[in-house]
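What follows is a single structure, written as structure tokens, with notes after it.
Values quoted throughout were computed directly from the atomic coordinates according to the rules given, and no laboratory measurement underlies them. Since the structure is predicted, the reported quantities are computational estimates derived from the model, not experimental observations. Glycine also receives a Cβ, built like all others from the backbone with ideal geometry; neighbour counts cover every protein chain displayed.
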Amino acid sequence: MTTARQVSCPSCGQRHLYTTQNPYRPFCSERCKLIDLGAWAEERYRVPVTAPLDPDFDDLID
């Protein structure tokens, strides 16, 4: 038998059980899941990009 572990919600930080009974996991609620989805839709999550070092690509940099 495995025990459910407590995790922090990525959206609000509230501790909750990470179990299959929670359809919103890893979030604690539908609200937190939708907040995160909205952040993705608004492109608030970004991967940092570094400028290329090749001088042939200098014209592509603003």
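Points worth noting:
- Gain upon complete extension [residue 47, residue 3; 0.36 nm per residue less C-alpha separation]: 12.3 nm
- Among the chymotrypsin sites (Phe, Trp or Tyr not before Pro) in the range 1-52, those placed in a DSSP loop whose Cβ has at most 16 other Cβ atoms within 10 Å are 24, 45.
- Once both labels are positioned 7 Å from their Cα atoms along Cα-to-Cβ, the gap between residue 34 and residue 14 label points is 1.4 nm.
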